[in-house]
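Since the structure comes first, as structure tokens, the remarks are kept for the end.
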């Protein structure tokens, strides 16, 4: 089956992906920071018995080979630094065929159910909830009437739910004061926005994460509706900025668009940052190119963007800037673009 | 934005001290009066710095250092560890560090009451994704409700909030349907007042009370600090 992020999603000119994460802990076990190895093994076995093997692949992370780790990183189940694989014997990862639905054990909280879809699709919540309900019916979940679902990280206590939209905003980023105005708008919804970069990394793209904050004082329904209103605003604003730039500076935009495509299509070596900048310009002008000479679908553009964003290793790492990795990256992009022509 | 000490919505000025955001009231309680003073206050009271030192000393005597060794009887986590890491070790920690946890929740979310679903019960939600039509394909001039103007700010050199401002248009002529679906936080005070009248006239009392609560909340919030 095709990997989840290669499917065609709604509004995928702006929204790369929508994710819903639900965290849960099991009664009778300390939370992860205070769970000893023996208890941890018992926790892993308990969860393993509750996971439906007819749906999920994977298992204990200690059994994963290097290739699986790289694949799961690219599929956005593991973090890019694979830091979640510190102490792999204390972790387990289960994922369905296209990796759009996963259950992570032992990363921060006992259980993290994550559903992901390409583009803009709040249906991810129901997918994640269905699996969370299944686990809640089989396991004794830590819950309090006052605080809701109890978590080690008290900022997640309550619904234990996070919704994340990954968005590419080249036009708002290029608009003076655009990101500041957007940040203000996002905070009015009590959500947050931050650049796509892990801790200690330098943000090197115009890709941002828009994420929910509240897990208390708000129902799941209110949170989802608020998120949908917010993301609708963001999509409209980004498109309006693209239109403004593409029409007011048509010649310059068309020129950079063509050059960017040429660079990606024919470069023999390309850095992560250069590739992401080029992709941003292509995204900005894509719908305004009347020449018809460049044939590139949104789906392909999104796939390349996510492949680069989720390359294992941070952009600050020397390995991702080495000649070999630049050649590897350029070759991968060329092959995808060639296939789309 | 919220005060990181009490969690209240910041409606007046924002005071940032050592990277922490406070409301007026908390800044005053923390002994940061000097940040609240207008230059004219100092002119009027040349002994202001002395007042401030005295106030800080008073505050220090009220600080409670006794709880820093508080320990969870089940997992052995101390209050200091919790405060450093923001994580607790077990369910019992929620009882042991109850006050500190509530404070932490307020800091982040301005709330500590659970409103979500129960275990093994589905959340009642009908939220769905509606595809937003592309501007180029379907938009007509003047229809788009959100616009960020990239050129305006460069031309005028004004503050960032003016450039690329995200503005709602066509607010006039509010209907019950619009009010029911609206994010109340996005409506102006005037719109809320109009909305209350419209909802009351339509005998939509539940909606009217939501609007009234929102307006009241703003007014109450405006008096804080």
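Take the residues in region A:130-144 that are at the interface with chain B (Cβ under 7 Å from one of its Cβ atoms) and out of contact with any helix residue (DSSP H, G or I) (no Cβ under 8 Å at 6 or more places or on another chain), then tell me which one is nearest to residue B:113 (Cα to Cα). So the residue we want is A:143. For the residues A:108, A:148, A:119, the requirement of being under 17 Å from the mean Cα position of the chain (by Cα) and on the phi > 0 side of the Ramachandran plot singles out A:119. Taken over region A:163-185, the residue count meeting the criterion of being under 30 Å from residue B:90 (Cβ atoms) and more than 23 Å from the chain's Cα centre (by Cα) is 0.
Does residue A:253 qualify as being under 21 Å from residue A:308 (Cβ atoms), in a helix (DSSP H, G or I) and more than 10 Å from chain B (Cβ to nearest Cβ)? When the stated conditions are applied, residue A:253 does not pass them.
Every condition in (1) in contact with a helix residue (DSSP H, G or I) (Cβ under 9 Å, 6 or more places away or on another chain); (2) more than 8 Å from chain B (Cβ to nearest Cβ) is met by residue A:248 except one, and the failing one is (2). Mind listing just one residue for me: the one in region A:191-204 that is touching a strand residue (DSSP E or B) at 6+ places or on another chain (Cβ under 8 Å) and assigned to a loop (DSSP other than H, G, I, E, B) and, of those, modelled with the highest pLDDT? Looking at residues that are touching a strand residue (DSSP E or B) at 6+ places or on another chain (Cβ under 8 Å) and assigned to a loop (DSSP other than H, G, I, E, B), I get A:196. Only one of the listed residues (B:120, B:139, B:127, B:163) is under 30 Å from residue A:133 (Cα atoms) and at pLDDT below 75. That residue is B:127. Every listed requirement among (1) modelled with pLDDT of 95 or more; (2) over 26 Å from the mean Cα position of the chain (by Cα) is met by residue A:235 save one, (2). Only one of the numbered conditions (1) buried (at least 18 other Cβ atoms within 10 Å of the Cβ); (2) within 7 Å of chain B (Cβ to nearest Cβ); (3) more than 30 Å from residue A:145 (Cα to Cα) is not met by residue A:204, and that is (2).
In region A:15-31, the qualifying residues are those that are facing chain B (nearest Cβ under 9 Å) and either free of Cβ contacts under 8 Å to residues at least 60 places away in the same chain or closer than 15 Å to residue A:122 by Cα (or both), and the one that is surrounded by the most Cβ atoms within 10 Å (Cβ to Cβ) is A:18.
Every condition in (1) within 24 Å of residue A:46 (Cα to Cα); (2) within 8 Å of another protein chain (Cβ to nearest Cβ); (3) touching a strand residue (DSSP E or B) at 6+ places or on another chain (Cβ under 9 Å) holds for residue A:114 except the one numbered (2). Can you tell me which residue is nearest to residue A:183 (Cα to Cα) among those in region A:218-233 that are within 7 Å of chain B (Cβ to nearest Cβ) and crowded, with 20+ Cβ neighbours inside 10 Å? That would be A:233. Of A:270, A:308, all but one fail to be in a loop (DSSP other than H, G, I, E, B), modelled with pLDDT of 90 or more and crowded, with 16+ Cβ neighbours inside 10 Å; the exception is A:270.
Residue under question is residue A:284, and the condition is that it be assigned by TED's automatic domain parsing to the domain that holds residue A:127 and either in a helix (DSSP H, G or I) or surrounded by fewer than 18 Cβ atoms within 10 Å (Cβ to Cβ) (or both); does it hold?
The answer is no for residue A:284.
Taking region B:81-109 as the range and being at the interface with chain A (Cβ under 7 Å from one of its Cβ atoms) and not in a helix (DSSP H, G or I) as the test, the residues that pass are B:86, B:87, B:88, B:89, B:90, B:91. The lone criterion from (1) more than 8 Å from chain B (Cβ to nearest Cβ); (2) surrounded by 24 or more Cβ atoms within 10 Å (Cβ to Cβ) left unmet by residue A:120 is number (1). Taken over region B:70-80, the residue count meeting the criterion of being over 29 Å from the mean Cα position of the chain (by Cα) and either facing chain A (nearest Cβ under 7 Å) or farther than 15 Å from residue A:142 by Cβ (or both) is 7. Does residue A:160 satisfy the criteria of being within 19 Å of the chain's Cα centre (by Cα), surrounded by fewer than 21 Cβ atoms within 10 Å (Cβ to Cβ), more than 7 Å from every other protein chain (Cβ to nearest Cβ) and at positive phi? The answer is no for residue A:160.
The values are calculated or read from the model by the stated rules, or taken from the named source; none is laboratory data. Everything numeric here is computed off the predicted structure, so don't read it as measured data. Ideal geometry is used to build each Cβ from the backbone, glycine not excepted, and the neighbour counts take in all protein chains shown.
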